[in-house]
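To start, the structure itself, in structure tokens.
The values are calculated or read from the model by the stated rules, or taken from the named source; none is laboratory data. Here the structure is a predicted model, which is why all the values come from computation and not from measurement. Glycine gets a Cβ as well: all are built from the backbone with ideal geometry, and neighbour counts include every protein chain shown.
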């Protein structure tokens, strides 16, 4: 039996821009992806704290240290600059690994800088 558990989470990420003409995805500053354990092109679930929208897309790396969180393609219609997002990815684990599992979580503050980190 496999269990779907939270793998990575970036909480309170502030949207820095949007580009409806891009093919899709969410641009995330590469250093934030690394700290949260997200891989380029990994499937993510996003929730917008400002309007309640939830959407799936994939992560693409942005400039390290830039604090970039950019809604691209159709996702650009689901939020605006300044909105706060929770960005999540999940993994499948067997029961024995699932019992010991701890996700990588970062909480962002001003300028999309890491205010708190916990997990692996």
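In region 42-59, what count of residues is obtained for those that are under 26 Å from residue 5 (Cβ atoms) and surrounded by fewer than 19 Cβ atoms within 10 Å (Cβ to Cβ)?
As a first pass, look at region 42-59 and keep what is under 26 Å from residue 5 (Cβ atoms): 42-49, 52-59.
In the following step, the residues that additionally are surrounded by fewer than 19 Cβ atoms within 10 Å (Cβ to Cβ) were identified as 42-43, 45, 47, 49, 52-56, 58.
Residues flagged as under 26 Å from residue 5 (Cβ atoms) and surrounded by fewer than 19 Cβ atoms within 10 Å (Cβ to Cβ) within region 42-59 amount to 11.
Which residues, taken from region 15-30, are surrounded by fewer than 18 Cβ atoms within 10 Å (Cβ to Cβ) and in a strand (DSSP E or B)? Quick ask: steps written out before the conclusion?
Applying the first criterion (surrounded by fewer than 18 Cβ atoms within 10 Å (Cβ to Cβ)) to region 15-30 yields 17, 19-24.
17, 19 - these are the residues of region 15-30 that are surrounded by fewer than 18 Cβ atoms within 10 Å (Cβ to Cβ) and in a strand (DSSP E or B).
Say whether the condition of being in a helix (DSSP H, G or I) and more than 16 Å from residue 9 (Cβ to Cβ) is met by at least one residue in region 87-95. Can you show your working first?
Narrowing region 87-95 to residues in a helix (DSSP H, G or I): 95.
Filter again for more than 16 Å from residue 9 (Cβ to Cβ), leaving 95.
Within region 87-95 (the criterion being in a helix (DSSP H, G or I) and more than 16 Å from residue 9 (Cβ to Cβ)), the answer is yes, since at least one residue qualifies.
Quick one: in region 76-114, of everything that is buried (at least 18 other Cβ atoms within 10 Å of the Cβ) and either over 17 Å from residue 50 (Cα atoms) or modelled with pLDDT under 95 (or both), which residue is nearest to the chain's Cα centre (by Cα)?
My answer is 89.
Looking at (1) in contact with a strand residue (DSSP E or B) (Cβ under 7 Å, 6 or more places away or on another chain); (2) more than 15 Å from residue 106 (Cα to Cα); (3) touching a residue at least 24 places away in the same chain (Cβ under 8 Å); (4) not in a strand (DSSP E or B), which is the only condition residue 33 fails?
Here residue 33 meets the rest and fails (2).
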